[in-house]
Every structure is written in C-alpha cells, then in structure tokens.
Amino acid sequence: MTSPWSDFVRIERTPNGVGRITLERPKALNALDLGMVRALTEALRAWRDDPTVVAVAVRGMGKDGPFGAFCAGGDIRFFHQAALAGDARLEDFFTEEYALNHLIYTYPKPYLAFMDGVVMGGGMGISQGGRCRIVTERTKMAMPETNIGLFPDVGGGHFLARCPGHVGEYLGLTGTVIGAHAALSWGLADVAAPSADLPRAWEALGTLSANSPAAFEAAWAEWTRRAGWQHAQARTVAPLAPELDAAFAADTVPAIVAALDRAGTEAATQTLALLHQRSPLMLHVVLAQIRRARGMALADVLRMERDLVRHCFHPHHLGRTPAQSETVEGIRALAVDKDHAPRWNPARIDDVTTAMVEPFFASPWPAHAHPLRDLR
C-alpha cells in the first residue's frame, strides 16, 4: 500500500517479517519531498519497534518498472520555490530529512539499500547508513551539490570524511559521478550485483527463513554469496589518481587549484575544469565541512549541516536575501531557467574570504533549541 503521507512511497511487509519500501516517483528520479521523508520515517520507526520485523529494504522505481533509478536527491524545484516564497516547509524538510538519515545510521535491524541507477544527494542520505548497500553496473553515484551552490549534506560530511585518502574532498568539491567499482573501493557500497539479479533478490527477501535480525543478516549474506555477488572486502582499494589525492590534501581551495594546475595531467586538467564550474564560495565551505567532520560524531555532523543549510538559504551574514543566495541561483541555472550559467558571487575562487566562510559554521540556534538537539 502507499503511505498516508505520500503517494510516492509504497510500504509492504512480507510474511517472514521483512519491511519493504519502494520509492515511486520515477519521473523525478524518485527525488524526495517532505511527504516522502515523513513516509519513510514513519515506516522505519514502526518497524524498529516491532519485534516481528527482522529487516528493512528500500528500492526505487525506474521509468520502465522496479529498479533502474534509486533516488536523485531532494526536490530542488521545491527548494527554489519555497526559498523565494518564505515557505516554512523548507525548514521542516531539512530538519526531518537529517533526522531520517540519523535514524537509518542508528537502525538496530539490517537495512538494505538497492542503489541501482541514479544515487545522488538525498539518495545517498537514505542509503549510506545501511548495513548492506548494493550497487550495480548501472549505478551513478555522486554528491553534486556544489553545482547548485549547496554542500554535500544528508550526512555527507560523515561519509565523505571517512573515504580513504582525500577521496572525500575530491568527491565533495567536484561532484564527480562514480560507478560501482569506485563506490566499493572507497567505502560507499558493500556489495555489487548484476542489475538483472535485483528482481530475484527482492523476492528472495520474502522467502528467507529468519526469526531475528541477526539470523536474517546471516541468511542474506549467504544468499548473496550463492548468487555470486561481489563483496567490498574482496576488493583492493583503488586509490584516487596520485596527483589528485596530493592536490586535495592541500590546506585551501586556492592551493588545491594550484596543485592541479601544476600537475598538468589529463585527470588534473579535467578536475580543474569541474572546480571552475562550481560555486567558489561553496567550494571553500565544503572543504571546511569535510575537514571538520573528520573529528566529529555523526549527530554533531548532522547538526553542523543543519546550521550550514540554514545559512545557505538565509545568507544574512553576506548581506543577502534568500533570493540572492548561491543555492537559489544555482538551482535557477540548473533546473528552473536551465541556462547552465549560474552567476556565482564571488565569481572567482581567489575572491572568497575567511569572513565569508566562517559564519556558515556558527549555529543560528542555541544548543537547547537546535532542531536536531535530540540526536545522539
């Protein structure tokens, strides 16, 4: 059945105690809106507290049927409209989405994410906390937020900071799209499967014999082994190209740019071109976000990101209105006017100052009133 919160979320429970969720908004690549976030949260909380439920699985609906697309992120058109209209639901969306991300990370039962097709932004938020993150040859994974004047949120600071070497900085600043091999190698997926196997796997969830979460986890691991799926621990880490890893180890964004310029390889040149398309201001913010997150617990990262997103849509410290924010401008260029010519302010990486960046990390709320104060 569909959730009472959203017609885009189908909820079902198999006789053997597996909760199954299907995102059914294929025309928007299953982009999340507030109703979908609430539907997911309600189902997960109910199943968490139900002793007869042993595991949860989530997938997306593609244009041709189940699978083929997981989730392209949040509904950025809504973000744009809500920011311009002063719609309070924008605040609710991010608070509830980040709380959902935390719920998934701390879920006491196996949570399986079938990350087939597009997995970006908010799609990473509802998958990275899972115990079994499944990718396929069709997976297109990214945290592309700097392309819309935002930052890799939904716990991005947490999971990007824990990638090997300086992969996290590379992915967070450039928004590069990666496939299954890189996802497995860099700790962003657990198992790779042929997409043709997914319908069979989804049905198998309802047939595994398990009377507890631990028993389910063991049975599922055995099923994937027999299916011949490739597990991450069987892979050697494929490092980022040495010149890229060295460049993204630099202390500042201008230093990263200079190192890429000096390297002069094809990979460095392509990466440099990507950085020059992104919001200069948000490149600096993202570098600081990931570096700070390396020393923070998940709940604190999510609270930091909630602060950041408030400042992104209300850049008062820059003397700007929401309509003048980098994020509204980035979404305008990509998804509203579609001219792909954002007018970033500042326009140059070297023109961004510490005084512009540091206030992003100052919480607009006292600790006792923070919207995510209850996360632990």
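The values are calculated or read from the model by the stated rules, or taken from the named source; none is laboratory data. These figures come from a predicted structure and were not determined experimentally. Neighbour counts run over all protein chains shown; Cβ positions are idealised from the backbone, glycine included.
Quick one: in region 183-212, of everything that is buried (at least 20 other Cβ atoms within 10 Å of the Cβ) and in a helix (DSSP H, G or I), which residue is farthest from the chain's Cα centre (by Cα)?
Of everything passing the filter in region 183-212, ALA201 is farthest from the chain's Cα centre (by Cα).
Of the residues that sit in region 246-280 and are in contact with a Phe, Trp or Tyr (Cβ under 7 Å, 6 or more places away or on another chain) and closer than 22 Å to LEU318 by Cα, which one is surrounded by the most Cβ atoms within 10 Å (Cβ to Cβ)?
Of everything passing the filter in region 246-280, SER279 is surrounded by the most Cβ atoms within 10 Å (Cβ to Cβ).
Note down all Cβ pairs under 9 Å where the first residue falls in region 49-72 and is within 16 Å of PRO110 (Cβ to Cβ) and free of Cβ contacts under 8 Å to residues at least 12 places away in the same chain, the second is surrounded by 13 or more Cβ atoms within 10 Å (Cβ to Cβ) and among the basic types (Lys, Arg), and they're at least six residues apart or on different chains.
Pairs found: ASP50/ARG13.
Which of the strands (runs of 3 or more DSSP E) found entirely inside region 29-135 contain at least 1 residues meeting this: among the small types (Gly, Ala, Ser)?
Per the criteria, 55-62, 111-115.
So the check is Cβ under 8 Å with 6+ separation or different chains; which pairs have a first residue in region 7-20 that's over 18 Å from GLY62 (Cβ atoms) and a second one that's of a type in the set (Asp, Glu) and at pLDDT 95 or above?
Here the result reads GLY19/GLU12, each pair linking region 7-20 to a residue that is of a type in the set (Asp, Glu) and at pLDDT 95 or above.
Filter region 160-177 down to the residues that are under 19 Å from LEU302 (Cα atoms) and either touching a Gly at 6+ places or on another chain (Cβ under 8 Å) or not in a helix (DSSP H, G or I) (or both) and list them by number.
Within region 160-177, LEU160, ALA161, ARG162, CYS163, GLY172 meet the criteria.
For region 212-219, state whether one or more residues are among the small types (Gly, Ala, Ser), within 21 Å of CYS132 (Cβ to Cβ), touching a Leu at 6+ places or on another chain (Cβ under 6 Å) and at pLDDT 95 or above.
yes
Go through (1) free of Cβ contacts under 8 Å to residues at least 12 places away in the same chain; (2) buried (at least 21 other Cβ atoms within 10 Å of the Cβ) and name the single condition MET36 misses.
Every listed condition holds for MET36 apart from (1).
Each row is one residue, and each column tells you yes or no for (1) in contact (Cβ under 8 Å) with a residue 40 or more places away in the chain; (2) closer than 21 Å to HIS314 by Cβ; (3) in contact with a Cys (Cβ under 6 Å, 6 or more places away or on another chain).
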position	(1), (2), (3)
PHE79	yes, yes, no
LEU90	yes, yes, no
PHE93	yes, yes, no
GLU96	yes, yes, no
TYR111	yes, no, no
GLY129	no, no, no
ARG133	yes, no, no
ARG138	yes, no, no
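Within region 269-362, considering only helices (runs of 4 or more DSSP H) that don't extend past its boundaries, which have at least 2 residues that are closer than 16 Å to HIS80 by Cβ? Please lay out each step first, then the result.
Numbers: elements: 280-293, 298-313, 326-331, 354-357.
The helices (runs of 4 or more DSSP H) meeting that bar are 298-313, 326-331.
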